[in-house]
1. May I ask you to order 76-83, 18-25 by the average number of other C-beta atoms within 10 Å around their residues, highest value first?
2. Counting only DSSP beta bridges with both residues in the chain, tell me the antiparallel percent, nearest 5.
3. Using the alpha-carbon atoms, what tilt in degrees (0 to 90, nearest 10) does helix 151-170 show relative to the longest principal axis of the chain?
4. Volume per residue, Å³, of the convex hull around the alpha-carbon atoms of segment 26-80?
5. Using alpha-carbon pairs under 8 Å, 6+ residues apart, how would you state the relative contact order of segment 1-87 in percent?
6. Would you look at the GNM of the chain, springs on alpha carbons closer than 10 Å, and say which of 273, 51, 164 moves the most?
7. Output the 0 to 90 degree angle, nearest 10, between the alpha-carbon long axis of helix 254-263 and the longest principal axis computed from the alpha carbons of the chain.
8. Once you keep just the Cα pairs under 8 angstrom separated by 6 or more residues, what percentage relative contact order results for the chain?
Ligand code: NDP
Ligand code: GDP
């Protein structure tokens, strides 16, 4: 019999790639999506990957425990991937309480539904390198102390520890993936990589001249979402649940990432990028650099896509989107 997976946050970047990955593995995929007045556009990422008609979209919200209980009871998934979150750091200062309700307490709701309805179920929590925030070690691993620097990171920290707590309290097969930034052509346009690749495409096509950015000196350990969703699945195939850092082990400035993106179309970033102080954050995470050696040792996970390859793929996809929109 095919295994069944429930994916919360299925309309997001990782939800779409994970659905595609699980379908290729022969899973039946149930995707939790909240009710939206714009349901047609919300499902766009799944459509882009050509998987929308192969998954079952179920209506629910991770702040509504009753919907989660009913869905788990009805579909009896073997694996539950909790990817749903208010996931944008900047928004978390504008809407800190909502961020807490979804990104922190929402995790507890999903865990509770799994505990009540799926005693044999396996659970994955989408934790984040943002939890390291003001870094306490130059290279961050599972043993590095956390120091969150935004309401988003503080909420993720709750989600991480409540996952550990349910594992230790109830013996649940619950694992937390501490994933460093990962991007793709399906990344939300508010995140810096996609904001840049979209601007590069518009500038190249003559539809715009400049892009405003904030802190160009910030450094991130950027990987590709396709590599990272594979790690999520691998974690849940382990006999013993645990927590794993997933990262590339290389860190790059926003400035250098911009250079790569503009250079891909023969332009110079310095001719088009303007620094806008309004885009600086109230508290910044200056640098993140992960050590994924535990995941490599435990189940052989390694990234396969370089930053240059990923940024080129993103710029090409944005060029294609804008060209089509111009027809
Ligand atoms: P996205 O922002 O692309 O997707 C977030 C998803 O959560 C969307 O499907 C969104 O639905 C859904 N969602 C938001 N609120 C609710 C709610 N109340 N109930 C149900 N669903 C909800 O994020 P990513 O795909 O990039 O990331 C996936 C997860 O991994 C997130 O938890 C994120 O915080 C975490 N993470 C991501 C990293 C990255 O670099 N991408 C790094 C580390 C962790 P809708 O479409 O309706 O808004
Ligand atoms: P985050 O690491 O989850 O916050 O991912 P982002 O892609 O949103 O931000 C990565 C880094 O890029 C942060 O240090 C931001 O301060 C920096 N950055 C610089 N300019 C911008 C911008 O215009 N938008 C965003 N989102 N980030 C920017």
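1. Numbers: 76-83: 23.4, 18-25: 19.6.
Ranked by mean Cβ neighbours within 10 Å, highest first: 76-83, 18-25.
2. Details: 2 of 37 bridges.
Of those bridges, close to 5 percent are antiparallel.
3. So the helix axis and the longest Cα principal axis differ by about 20 degrees.
4. Values: hull volume 5.0 nm³, N = 55.
Normalising the Cα hull of segment 26-80 by residue number yields 90 Å³.
5. Values: 132 pairs, mean separation 35.4, N = 87.
That works out to 41 percent.
6. Comparing 273, 51, 164 in a Gaussian network model of the chain, the most mobile one is 51.
7. Between helix and principal axis, roughly 60 degrees.
8. 17 percent
Every number in this text was worked out from the coordinates using simple rules, so none of it is lab data. Nothing here was measured: the structure is a model prediction, and the numbers come from that model. Heads up, the Cβs are rebuilt from the backbone with ideal geometry, glycines too, and the neighbour counts pull from every protein chain shown.
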